[in-house]
Amino acid sequence: MMKADAVIVSAGKGVRFMEGQKKQFYCLEDKPILVHTLDKFETCPLIRSILLVVDREDMDYCLKEITEKYKFKKVSQIVPGGKRRQESVKNGMDVLPKDTEIVAIHDGVRPFVTQTMIEDSVRSAMRYGAVILAMPVKDTLKVSNPDGTVLKTLDRESLWQVQTPQTFQAKVIKEAYRRATEDGFTGTDDASLVERLGMKVHILPGSYTNIKITTPEDLLWAHLFLKMDSLPHANSLGEFKKK
């Protein structure tokens with residue numbers, strides 16, 4: 001069996017969320033958003049362990065109120081995050097087991113990822129080396145001039161809305177991060193670091209429900225998705241959408 005471990009990044013300050021409360025600890029129905037996310041990886045048979053990356057000031061809270069309270073056995077370590085997401089991911093990867101073969105990197109505030117998505121990404125990473133979840137862009141996108149006028153309209157047929165998990169062979173993502181650190185490069189996501197190596201990154205279908213909860217408005221969708229998931233004969237959002 002492949003040795004796949006997850007790095008769950010939840011070290012954000014939540015500046016676009018509700019004042020005085022970090023989004024990852026906001027209760028969605030009866031438990032924090034982060035708990036919903038961790039549940040998906042805890043119950044996924046292909047994931048061996050979880051490295052949870054949080055803000056240094058939240059480490060004790062996460063130990064007592066998240067991992068111990070909800071009895072997450074796969075959370076092997078709680079790791080302090082960095083100033084940027086890229087630093088936080090690197091901190092998590094630095095403490096991965098030495099025999100890790102596959103690394104799944106996921107946002108702590110994407111609670112609607114499904115077990116199928118996780119398993120597909122792990123198996124595909126073993127085959128291809130680097131995979132991301134993404135969905136076709138639905139809206140028209142335009143590039144603007146500095147004065148606020150339209151420069152051009154992009155062809156959305158080739159545009160994708162990128163999600164997580166982003167999953168890689170350990171040797172690939174570690175080399176990508178080593179090179180990025182060495183060159184002082186900051187990417188917009190983990191896959192962009194791999195792209196710099198000249199490697200192909202394969203796209204897997206995600207879901208429009210696999211949202212990253214960033215603003216209070218996102219909570220409206222989150223509550224709706226939870227209600228959809230609880231309907232009879234819908235064991236997961238993915239299964240519900242297929243019916």
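Summary table below
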{"read-out": "Amide H within-cut-off set for VAL75, under 5 Å, with H built and near neighbours excluded", "value": "ILE50"}
{"read-out": "Rg/Rh for the chain, where both radii come from Cα atoms and Rh is the Kirkwood radius", "value": "0.96"}
{"read-out": "Note, ³J(HN,Hα) from phi for region 99-110, Karplus 6.51, -1.76, 1.60, rounded to Hz, x at Gly and Pro", "value": "9, 4, 9, 10, 10, 9, 9, 9, 6, x, 9, 10"}
{"read-out": "Residues whose placed amide H lies under 5 Å from that of VAL7, excluding near-sequence neighbours", "value": "LEU51, ALA104, ILE105, HIS106"}
{"read-out": "Efficiency of FRET from Cβ geometry, THR43 and MET126, R₀ 22 Å, rounded to 0.05", "value": "0.60"}
{"read-out": "Gyration tensor verdict on region 106-215 (Cα atoms; rounded if a/c is under 1.5, prolate if a/b is larger than b/c, oblate otherwise)", "value": "oblate"}
{"read-out": "About the Cα centre, charge dipole magnitude for region 79-215 (Lys/Arg +1, Asp/Glu -1 at Cβ), debye", "value": "60 debye"}
{"read-out": "Overall form of region 21-86 per C-alpha gyration tensor (a/c, 1.5; a/b vs b/c)", "value": "oblate"}
{"read-out": "Efficiency of FRET from Cβ geometry, ASP139 and ILE203, R₀ 22 Å, rounded to 0.05", "value": "0.75"}
{"read-out": "Cβ-based net charge around ASP58, under 10 Å, with every Lys or Arg adding one and every Asp or Glu removing one", "value": "-2"}
{"read-out": "Hz values of 3J(HN,Hα) by residue in region 199-208 - Karplus curve (6.51, -1.76, 1.60), Gly and Pro given as x", "value": "8, 7, 10, 8, 9, 10, x, x, 7, 5"}
{"read-out": "For ALA134, distant residues with modelled amide H under 5 Å away", "value": "GLN163, LEU204, GLY206"}
{"read-out": "Mean separation of Cα contacts under 8 Å (6+ apart) over length of region 1-103, as relative contact order %", "value": "38 percent"}
{"read-out": "Contact order normalised by residue count of the chain, Cα under 8 Å, 6+ apart, percent", "value": "21 percent"}
{"read-out": "Calculated from backbone phi, Karplus (6.51, -1.76, 1.60) coupling profile of region 37-46 in Hz, x at Gly/Pro", "value": "5, 4, 3, 5, 7, 4, 8, 7, x, 7"}
{"read-out": "Sequence ranges 137-147, 196-206, 178-188, 100-110, ranked by mean other-Cβ count within 10 angstrom, highest first", "value": "100-110, 196-206, 178-188, 137-147"}
{"read-out": "Share of pairwise Cα separations in region 84-165, more than 16 Å, in percent", "value": "67 percent"}
{"read-out": "Extension gain, THR181 back to ARG84 (0.36 nm per residue minus Cα-Cα distance, nm)", "value": "33.6 nm"}
{"read-out": "Cross-link pairs LYS23/LYS98; LYS174/LYS227; LYS3/LYS69; LYS83/LYS174; LYS69/LYS138 - those with Cα-Cα distance over 29 Å", "value": "LYS23/LYS98; LYS174/LYS227; LYS69/LYS138"}
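Computed from the coordinates by the stated procedures, all read-outs in this text should not be read as laboratory data. Keep in mind that what you see is a predicted model, and the values were worked out from it rather than measured. So basically every Cβ, Gly included, is an ideal-geometry build from the backbone, and we count neighbours across all protein chains shown.
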